[in-house]
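Inspection log for the structure reproduced underneath, given as structure tokens.
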Amino acid sequence: MRLFFAIIIALNSAFILTDDAEFYFKDKSHRFADTKEGVLLEHDFVFTNKGTDPLVISGYDVSCSCTKIDFPKEPILPEEEGVIHMSFDTNGKYGFQSRKIQILSNAKKKTILTFKVVVINE
């Protein structure tokens, strides 16, 4: 009887619905040209949902408030494209800057975008 319940629980666990959404980016990183301090840099990361379920972006995580992200608020259906627009305020930044942006979503794998720039103090 215990074996029967163990099998039922194992089978039930195997059929729990999981999201099958998957980001595909041609490029997950971007290198800006050397830039003067005070310039607002912007870049679009274009992606496709290569999964079989709608891709839902719930937010993002960055280490500095100088980096902002605008992302689709509606689910991205399988095989559809979306754009994650990032901006980086170089005001008060000098020298080599390297940033990571973690995208929070229902994708199977963790998604991290990066960008680099050298900010010149003139």
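Listed here are the pairs Lys26/Lys50; Lys26/Lys110; Lys36/Lys116; Lys50/Lys116; Lys50/Lys108; Lys28/Lys68; which of them are more than 20 Å apart at the Cα?
Distance filter (> 20 Å) returns Lys50/Lys116.
Based on DSSP loop calls and a cut-off of at most 12 other Cβ atoms within 10 Å, the longest stretch of the chain free of exposed chymotrypsin sites (Phe, Trp or Tyr not before Pro) is what?
16-93
Computed on alpha carbon atoms, what radius of gyration and Dmax characterise the chain, expressed in Å?
Values for the chain (Cα only, Rg and Dmax): 19.8, 78 Å.
How many nm is it between the label spots at Val118 and Tyr24, if each spot is 7 Å from the Cα in line with the beta carbon?
Result for the modelled spin labels: 3.6 nm.
Quick one: of the DSSP bridges fully inside the chain, what percent are antiparallel, nearest 5?
Close to 85 percent.
What angle do you read, to the nearest 10 degrees and between 0 and 90, between the alpha-carbon axis of helix 2-14 and the longest principal axis of the chain?
Tilt relative to the chain: about 30 degrees.
Would you work out the relative contact order for the chain, in percent, from Cα pairs under 8 angstrom that are 6 or more residues apart?
33
Where the only charges are on Cβ atoms (+1 Lys, Arg; -1 Asp, Glu), what is the dipole of the chain about its Cα centre, to the nearest 20 debye?
560
Looking at Leu77, Val62, His30, which one has the Cα that reaches farthest to the positive end of the dipole of the chain (charges on Cβ: Lys, Arg +1; Asp, Glu -1)?
Going by the Cα projections, it comes out as Val62.
To the nearest 500 deg cm²/dmol, what mean residue ellipticity at 222 nm is calculated for the chain from DSSP H runs of n ≥ 4 alone, each contributing -39,500 (n - 2.57), summed and divided by the residues?
One gets -3500 deg cm²/dmol as the mean residue ellipticity at 222 nm.
Using DSSP to define loop residues, name the GluC sites (Glu not before Pro) in segment 59-94 whose beta-carbon has at most 12 other beta-carbon atoms within 10 Å.
Sparse-neighbourhood loop GluC sites (Glu not before Pro): Glu79.
I want to verify a result. In a Gaussian network model of the chain, Cα cutoff 10 Å, which of these has the top mean-square fluctuation: Lys26, Lys50, Lys108?
Comparing Lys26, Lys50, Lys108 in a Gaussian network model of the chain, the most mobile one is Lys26.
Taken together, the values in this text are just the output of simple stated rules run on the coordinates, not laboratory data. What you are looking at is a predicted structure, and each value in this text was computed from that prediction instead of being measured. All Cβ positions, even for glycine, are placed from backbone atoms using ideal geometry, and neighbour counts span all protein chains on display.
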